[in-house]
1. Subtracting the Cα-Cα distance from 0.36 nm times the residue separation, let me have the gained length for residue 93 to residue 56 in nm, one decimal.
2. Of 125/164; 79/125; 79/105; 79/137, which sit over 19 Å apart, Cα to Cα?
3. Could you check the spin-label model distance between residue 42 and residue 79? Points 7 Å from the Cα along Cα→Cβ, value in nm.
4. Please list, in chain and number order, the residues 5+ apart from residue 82 or on another chain whose amide H is under 5 Å from its amide H, with Hs placed from the backbone.
5. Let's test the formula: R0 of 25 Å, r as the Cβ-Cβ distance of residue 167 and residue 136. What FRET efficiency results, to the nearest 0.05?
6. Compare 132, 61 by solvent-accessible area with a 1.4 Å probe and give them largest first, with all protein chains kept in place.
7. So who's got an amide H within less than 5 Å of the one on residue 130, skipping anything under 5 residues away but keeping other chains? H placed 1.01 Å off N, in plane.
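The values are calculated or read from the model by the stated rules, or taken from the named source; none is laboratory data. Bear in mind the structure is a predicted one, so any value in this text is a computation, not a measurement. Cβ placement follows ideal geometry from the backbone for every residue including glycine, while neighbour counts extend to all protein chains displayed. For accessibility, only protein heavy atoms count, side chains too; no ligands or nucleic acids. Shrake-Rupley method; radii C 1.70, N 1.55, O 1.52, S 1.80 Å.
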Amino acid sequence: MSEAHDEHESVIKTPKQLIAAVLAGFLVPIIAIVLLVQYVSNDKKVGAGSSALTAEAVAARIQPVADEGFTFKDTSGPKQLQSGEAVYKMVCSACHSTGAAGAPKFADAGSWGPRLAQGYDTLLKHAVEGIRAMPAKGGNPDLDDVEVARAVVHMANASGGQFKEPEVKVAAAPADAPAK
């Protein structure tokens, strides 16, 4: 075998080449990382004087997320009573439109006939307190008794009943404070 075969040579032969190789070993990955960060964070930047700083755009950005699509109720304010049809659609139709759990179907005079014969007061009592599979107030305890009564009248009259819609008792207005 020849002596040239056993010899091992390095690419770096001078101290200057060694310093250049060490610096390249540190600088190349750092430059690569900086370029990747620039590429990832490169987004359309909006400068001053653009439409992004208008009052409407700022208000839209800082608007609470909870305000999107929600209607808040003022629980301290007077309650707005719903109509019988609205209560039926919101609560009662779940069972009374299909006849689920033995509920009489809406506008079915045959299934409502025996119930109508019991009278309005009995129908209202069963609707407010619940009967058999029907929970009290149709499962919505937030309903006012007047709203339930309106729904009973709506369903009963659609099935041949002749009930009068209940009147709302208006609370007396508070007396004005004496002027000072």
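1. 9.1 nm
2. 79/125; 79/105
3. 6.2 nm
4. none
5. 0.65
6. 132, 61
7. Excluding prolines and chain starts, which carry no amide H, the hits are 137.
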